[in-house]
Every structure is written in C-alpha cells, then in structure tokens.
C-alpha cells in the first residue's frame, strides 16, 4: 500500500531532482524512483549530492558507489553554507540556513521539482530545515505516501539495498555541535574521526554520537550496544591525542545539542 502510494506521488513529477544525503531515507527514495523510471514510468530523474565539511566522507562515497551500481544521473556539488555567517554562528535554527543554501544550490543546477527524503517521523522533531524546504517548494514523497522510518527501512530491504537499510539515523556532523559554538570544519573532522573509530567497536547500526559541547567532548552511546568500557577508553585516547577534553560518556539523547534561551 505504501509503495503504491509512493509510486503515485513520484509519478506526479515529470522532472524530479532528489537531494541524496547518503542516509537510508534519501538513498532508498533515489533507488525506488530510479527503478520506477527504468521500468517505464517516464520523465527525467536526477540525483543531487552536496558535499560539505558537515557531510561524512563515508556518506559521499556511499552515494557515489550506489549511483555507479544503479546508473543514476548524479551531480555532486558544494552546499556553500560555510560562506553564510548565519550558519557558522550555529543558532538554534542553524538547519534552516543550511537547507536554504542547499536548496538554492540545487535550484541553480536544475529547474526540476526537488524531492527530499523526509518521512512522517521527521514531522515530530524540531526541524527548521522543513521551513526552508517549504519556501523552496520541496516535495516530501514519503510524507505524502504516509511512510515512516520503519516503512522506509522495509522498502530498502525489499529493494536489496543491503547495509543501507540498516544505517542508523545520521544527521549532519554539525548537529553534534552545541548551539552557540561556532561551526568549525576542524571540529567536524574530529567528530567524524571519533564516530568512525567508535563504530568499529560497536554492532552494525549502533547509534553513537561525538558531541562538541561548552564543557568539552561528550560521547553518547545508544541502548544495548555493550562494550561501553572499551568505547569510553577509545574516546578518551582520541581526545588526548587531539588535545581535546573528554567531558563524559553517557546514553544517547536525541536533540541534545539544542540549547534554548
């Protein structure tokens, strides 16, 4: 039912550009839409991936590999958000400025309708980026089709997307920086390093966060991962090696970097 609804929503757009971040939502949407067009649904389809210090290199590589495997028409571009001081200042609505720059860049590349991978679960979060999407008339096919994250994962498995289907939620690296701390590319490189190294000691799909806070580096670990002592020891070692202060290791908290007021 959901897949039929999703196909119907995608078919409304003769010319579609999908913003592909490298996460499960946008990757699955791109794969599903591409296979629909290949099967004769018609119309043009392009995938746009934006590179930035806030995008993990592994995500970019994932998009490039999948595009090659499936034959996507892929354009890789920069987002330009680091030239925007409103983004770099990292206010609570930083995501609005990030997405504004992203959609401005995509619109400069193509006149096609822009689609995002937002799903129903995203509507319950604080997502200033959705305002930027609305201002740019971005469409959200999953939302229109009534699909939540679990439905997206089920679709990814049916499409045979392998590890993509099990990817943990991975908002951009800047989301790990506490509100009011300026976004610094060096911090983002460190965050990616720590999370990549910690992930090697954790089960596939584990939720791990390296947070840059006003009190130092905070590590958050999802439920049921185990191996917490080894993860904490590695985090401490990485912080020492890079001249950072480890503020502590604790449970994962969604939205922990937003400091209001």
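Values quoted throughout were computed directly from the atomic coordinates according to the rules given, and no laboratory measurement underlies them. The structure presented is a predicted model; accordingly, all values stated were derived computationally and were not measured. Note: ideal-geometry Cβ built from the backbone for every residue, glycine included; neighbour counts use all protein chains shown.
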Stretched out fully, how many nm does the piece from residue 76 to residue 241 gain, at 0.36 nm a residue minus the Cα gap?
56.1 nm
What spacing in nm lies between the two simple spin-label points modelled at residue 230 and residue 110, each 7 Å away from Cα in the Cβ direction?
4.2
Report the FRET efficiency, 1/(1 + (r/R0)^6), for residue 136 and residue 92, where r is their Cβ-Cβ distance and R0 is 22 Å, rounded to 0.05.
0.60
Rounded to the nearest 0.05, what FRET efficiency do residue 253 and residue 163 have when you use their Cβ-Cβ distance and R0 = 22 Å?
0.30
Square roots of five times the Cα gyration tensor eigenvalues for the chain, Å
32, 21, 16
Using only the alpha-carbon atoms, how far is helix 149-158 inclined from the longest principal axis of the chain? Give it as 0 to 90 degrees, nearest 10.
60
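Set the Förster radius R0 to 35 Å, insert the Cβ-Cβ distance between residue 144 and residue 193 as r into 1/(1 + (r/R0)^6), and round the FRET efficiency to 0.05.
0.40
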Taking 8 Å as the Cα distance limit and 6 or more residues as the minimum spacing, I'd like the relative contact order of the stretch 2-166 as a percentage.
29
Could you give the length gained on full extension between residue 204 and residue 68, defined as 0.36 nm per residue of separation minus the Cα-Cα distance, in nm?
46.6 nm
0 to 90° range, to nearest 10: angle between helix 185-199 axis and the chain longest Cα axis:
90
Using only Cα atoms, find the angle between the long axis of helix 228-241 and the longest principal axis of the chain, and express it within 0 to 90 degrees, rounded to the nearest 10.
80
Which whole-number percent gives the relative contact order of the stretch 173-251, counting Cα pairs below 8 Å spaced six or more residues apart?
28
